[in-house]
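Where a number appears in this text, it was derived from the coordinates with a stated rule and is not lab data. Note that the structure is predicted; figures quoted are calculated from it, not measured. Using ideal geometry, Cβ is built from the backbone for each residue, glycine included, and neighbour counts are taken over all protein chains shown.
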Amino acid sequence: MIRRGGPADHPWVIEEGTYAYADLGDYRRILPSWLTQPGVLVFLDEDVAVGGAPVRRGFAMLGFYLEPNEHGESQPIADLLALAVAPPYQRLGIGKQLLQHVIATTARVAEHSKVWELRLTVAGDNTVAQRMYERAGFVRASVLASTYYERGQLAVRMVRSLAGR
């Protein structure tokens, strides 16, 4: 089940994200700053374990913010900031479900705003994630400088049009 995350979930998101993105930089420092931004939504995938306690399996972080376009005008942006699945639950379709939830959420927002696409940035060497994003309708838009990630990896910017939702 996917649900909206809240402040009580932030420590788990930070811990899981720090582990998932350890090769890219210090996400123990980065994630808390994202989580406090007013336009950032967190979604969690949970399963009910034996005994009834929920087990968090993965998360997605979606940001809405304004960014200047080529004319210097502010335009609304939807950005999949992070998507991670805990190692015991990888390759079970959880990442795909979280991604589809983010796409659907963004499409609903797009109906009432001028958000025309959903974008994300993925490490250039993360071909598994790139294929998942391509299957969900994302295309490569650009390759960003090796200074994008703290550890110097190339970053691939991908976008998915929300036209026709």
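If you go through segment 97-110 one residue at a time, do you hit one that is farther than 23 Å from Gln37 by Cβ and either touching a strand residue (DSSP E or B) at 6+ places or on another chain (Cβ under 6 Å) or surrounded by fewer than 19 Cβ atoms within 10 Å (Cβ to Cβ) (or both)? So that I can check it myself, show each step before the final result.
First, the residues of segment 97-110 that are farther than 23 Å from Gln37 by Cβ: 97, 100.
From what's left, either touching a strand residue (DSSP E or B) at 6+ places or on another chain (Cβ under 6 Å) or surrounded by fewer than 19 Cβ atoms within 10 Å (Cβ to Cβ) (or both): 97, 100.
Yes, some residue in segment 97-110 is farther than 23 Å from Gln37 by Cβ and either touching a strand residue (DSSP E or B) at 6+ places or on another chain (Cβ under 6 Å) or surrounded by fewer than 19 Cβ atoms within 10 Å (Cβ to Cβ) (or both).
Could you list, in sequence order, all residues of segment 11-51 that are of a type in the set (Gly, Ala, Ser), surrounded by 13 or more Cβ atoms within 10 Å (Cβ to Cβ) and either in contact with a Leu (Cβ under 8 Å, 6 or more places away or on another chain) or closer than 18 Å to Gln153 by Cα (or both)?
Across segment 11-51, the qualifying residues are Gly17, Ala20, Gly25.
Among the residues of segment 59-82, is any among the small types (Gly, Ala, Ser), over 27 Å from Tyr19 (Cα atoms) and free of Cβ contacts under 8 Å to residues at least 12 places away in the same chain?
Looking for residues that are among the small types (Gly, Ala, Ser), over 27 Å from Tyr19 (Cα atoms) and free of Cβ contacts under 8 Å to residues at least 12 places away in the same chain, one finds at least one in segment 59-82, hence yes.
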